[in-house]
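**Q** Would you mind keeping the following structure in view while I ask a few things?
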Amino acid sequence: MGPVFWIKRYLLAAVPLFAILAAVEWAKGTTTPADIASAAIWAAVAAAIFTGAAWNRYRKALQCAACEATLPKPAPAPRKKKR
């Protein structure tokens, strides 16, 4: 996973988050440039934390705990009955 993958992952997190935060500011009726800049900064920081945590897990070859919890456990092998 090269740099392009991580940049795309960052943008896929930052852009929708910015849209959500900007929409909230617009819904509140306060769409000053300072509010939009605040939404952009919060989106950039949150996406950086999200992407950094994912990169750190990838670098250390750790599995996601949530992903691991959803995997089905294998059924035990049937035992032969003794006669």
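**Q** Amide H to amide H under 5 Å from THR31: which residues, 5+ apart in sequence or cross-chain, H placed 1.01 Å off N in plane?
**A** Hits under the 5 Å cutoff: none.
**Q** Highest mean first, how do 14-20, 33-39, 55-61 rank when packing is the count of other Cβ atoms within 10 Å averaged over residues? All intermediate terms of the calculation are to be shown ahead of the outcome.
**A** Working: 14-20: 15.1, 33-39: 13.4, 55-61: 10.3.
The most tightly packed comes first, giving 14-20, 33-39, 55-61.
**Q** Enter the per residue convex hull volume of segment 3-63, computed from alpha-carbon coordinates, in Å³ rounded to the nearest integer.
**A** Spread over its residues, the Cα hull of segment 3-63 gives 72 Å³ apiece.
Read-outs: derived from the displayed coordinates by stated rules, not from any lab. Remember, predicted model here, so these are calculated numbers, not experimental data. Note that we place each Cβ from the backbone using ideal geometry, even for glycine, and neighbour counts take in every protein chain shown.
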